[in-house]
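The values are calculated or read from the model by the stated rules, or taken from the named source; none is laboratory data. Not measured: the values here are computed from a predicted model. With ideal geometry, Cβ positions are generated from the backbone for all residues, glycine too; neighbour counts draw on all protein chains shown. Areas reflect the complete protein model, heavy atoms only, side chains present, ligands, DNA and RNA absent. Shrake-Rupley method; radii C 1.70, N 1.55, O 1.52, S 1.80 Å.
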Amino acid sequence: SLQEHKLPLVSNAQPVDSRCCYAANVPESSVERPKNMAFLIGAQKSGTTFLFDELVSRHPRIKAQTLRKDRKLRINGAKEPHFFHKIPLKSFSSYLYSYSKVTDEETAMDATPDYMHIPSAACRIAASFPGAKIIAVLRDPVMRAFSQWNMMKIIQGSGRLKDFDVEVEREIKNLRNEGCSFEKFDINGHEGVERGGTVARVERSQKGKIALESVERPKTSWNDCFKCFFFSCGTYRGPANTSEGEDVSSSCRYDFSGEGLVRRGLYVHQLKWWLELFPEDQMMVINHEQLKNDPERVLDDVIAFLSQDVALKTSMKEISQDNTLVNVSESNVNAAFIHKEASGWSLPISEEHALEKYAETLRFLYSFYEDANKELYQLMAQWGTSSGWKGSFPQSYIL
Ligand SMILES: Nc1ncnc2c1ncn2[C@@H]1O[C@H](COP(=O)(O)OS(=O)(=O)O)[C@@H](OP(=O)(O)O)[C@H]1O
């Protein structure tokens, strides 16, 4: 079964188990927790805004957090509390207060798409809400990466962010140096050098254009690679006992950035970690292709998974256009999003002919993700239909 080798969860004030980052403990709070808590954990750029918007606007018993009046509106507002993946951890009481209007018959939803790829977030959520329902939407990792790069370009401008191919190459090198690229290599014709093996130097590769000089001894799991990775500061190397509110930013190092264009698409390895902490019947995995092609069916399936009444879902609201935010520049993207009339969002492609320009890098990425995707489909087959997963990803993009 998928549940073999699971360790028991311990009380709230402790790290959930010894494999979690030593800093990933959740403080106690006297504020009552919502009875039914659900997390839409990612993946970023996989239609999570559409899914969240439709659920909370069309189902009377699925609720977002209530934002404090004085809180500055930002993109995606109440959808993304951004709580469990940061260090230092902000006030757990404030987090819980934001859901205090949610009744026992209702489901409270935190839809922060950064949680999925950060093991510490999974640890903290498991410690605070062991009964939570966990939903992941997965999109073709190549177009997910491109969509993220495009968003970063629009939001951040061209300052720090390099061209897509440069960003991808830099990250692949970094992942390989750390033994965290999760690739299987064909060395001198010998198939199948597995993760966890001892071969550190690779002389020949089938992995396409990005030069492969050496690869650090591969690590065996997502948690091995990113155990103490926190979104705000990279890898935490500070004291074990951080009290709430303590500034630990100086204790962090930036082995990896929070962005992770490539890393975020290695879904199977992330899901395997969540499965260590949550029983499979509390988890649902949706193929973005399904969300695109049959959104009403997906909504019904999610509502049922949340143990809410599908019959209470109201009909789709009239949407004036498609869900593309047009005329968006970095300065007005926030305003455009807040005043949107559509559900979800899609940004215009920021660089003309970008897909043609980066065709080679996109092709490389399709081959890079082949092993991980294969492993994902195997996991889903083993898990069975109760996972919610159907089909596979496209194997190339269509211009
Ligand atoms: N109904 C539906 N089905 C499938 N896909 C959809 C849907 N609605 C929006 N989208 C696409 O979702 C992309 C944005 O994803 P997210 O909302 O998860 O982005 S974010 O992480 O919140 O920034 C965004 O992708 P890009 O257009 O490539 O940027 C949208 O096109």
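Take the stretch 155-182 and flag every residue that is outside any helix (DSSP H, G or I) and among the hydrophobic types (A, V, I, L, M, F, W, C). If you could, list the steps in order and put the result at the bottom.
Within the stretch 155-182, the first condition is being outside any helix (DSSP H, G or I), and the residues that meet it are 157-163, 178-182.
LEU161, CYS180, PHE182, listed by residue number.
Do you know which of the residues in the stretch 306-326 that are modelled with pLDDT under 70 and either closer than 18 Å to THR48 by Cβ or touching a strand residue (DSSP E or B) at 6+ places or on another chain (Cβ under 9 Å) (or both) is least open to solvent (accessible area, probe 1.4 Å)?
Filtering the stretch 306-326 down to residues modelled with pLDDT under 70 leaves 318-322.
With the extra rule that they be either closer than 18 Å to THR48 by Cβ or touching a strand residue (DSSP E or B) at 6+ places or on another chain (Cβ under 9 Å) (or both), the set shrinks to 319, 322.
Numbers: ILE319: 50, ASP322: 95 Å².
So the residue we want is ILE319.
Whether any residue in the stretch 110-120 is at negative phi, within 16 Å of the ligand (Cβ to nearest atom), under 20 Å from the mean Cα position of the chain (by Cα) and among the hydroxyl-bearing types (Ser, Thr, Tyr) is what I want to check.
Of all residues in the stretch 110-120, those at negative phi come to 110-120.
Then keep just the ones that are within 16 Å of the ligand (Cβ to nearest atom); that gives 110-118.
Adding the requirement that they be under 20 Å from the mean Cα position of the chain (by Cα) leaves 110-118.
Checking the rest, the ones that are also among the hydroxyl-bearing types (Ser, Thr, Tyr) come to 112, 115.
Yes: one or more hits.
Which ones in the stretch 276-289 are open to solvent by 10 Å² or more (accessible area, probe 1.4 Å), in a helix (DSSP H, G or I) and not charged (D, E, K, R)?
So in the stretch 276-289, the residues open to solvent by 10 Å² or more (accessible area, probe 1.4 Å) come out as 276, 279-282, 284, 288-289.
Filter again for in a helix (DSSP H, G or I), leaving 276, 280-282, 288-289.
Selection gives GLN282, HIS288.
One residue is enough: does the stretch 149-162 have a residue meeting the conditions more than 16 Å from the ligand (Cβ to nearest atom) and open to solvent by less than 10 Å² (accessible area, probe 1.4 Å)? Talk me through it step by step, then tell me what you get.
If we filter the stretch 149-162 for residues that are more than 16 Å from the ligand (Cβ to nearest atom), which is where we start, we get 157-160, 162.
Retained after the next criterion (residues that are open to solvent by less than 10 Å² (accessible area, probe 1.4 Å)): 157.
Yes - at least one qualifying residue is present in the stretch 149-162.
Please list, ordered by residue number, the helices (runs of 4 or more DSSP H) wholly in the stretch 327-399 having 3 or more residues that are closer than 30 Å to PRO279 by Cα, open to solvent by 30 Å² or more (accessible area, probe 1.4 Å) and of a type outside the set (Phe, Trp, Tyr). Quick ask: steps written out before the conclusion?
Working: elements: 333-338, 354-357, 359-368, 370-383.
Here the list reads 370-383.
Can you pull out every residue in the stretch 55-79 that is within 12 Å of the ligand (Cβ to nearest atom) and in contact with an Asp or Glu (Cβ under 8 Å, 6 or more places away or on another chain)?
LYS79
Go through the stretch 123-146 and count every residue that is at pLDDT below 95 and either touching a Cys at 6+ places or on another chain (Cβ under 9 Å) or within 20 Å of THR49 (Cα to Cα) (or both).
Matching residues across the stretch 123-146 total 4.
So in the stretch 338-384, with the set limited to residues that are at pLDDT below 80 and of a type in the set (A, V, I, L, M, F, W, C), which one is nearest to the ligand (Cβ to nearest atom)? Walk me through it before giving the result.
Initially, the stretch 338-384 is screened for residues at pLDDT below 80, giving 338-342.
With of a type in the set (A, V, I, L, M, F, W, C) added as a condition, the list becomes 338, 342.
Values: ILE338: 14, ALA342: 8 Å.
Applying the filter and picking the extreme gives ALA342.
Please go through (1) in a helix (DSSP H, G or I); (2) within 16 Å of the ligand (Cβ to nearest atom) for LEU96 and return the number of the only condition it doesn't satisfy.
In the conditions (1) in a helix (DSSP H, G or I); (2) within 16 Å of the ligand (Cβ to nearest atom), LEU96 misses (2) alone.
Any residue in the stretch 31-54 that is within 16 Å of GLN65 (Cβ to Cβ) and more than 8 Å from the ligand (Cβ to nearest atom) sitting within a Cβ distance under 6 Å of a residue that is of a type outside the set (Ser, Thr, Tyr) and open to solvent by 30 Å² or more (accessible area, probe 1.4 Å)? List the pairs, counting only those 6 or more apart or interchain.
LYS35/ASP104; ALA38/LYS133
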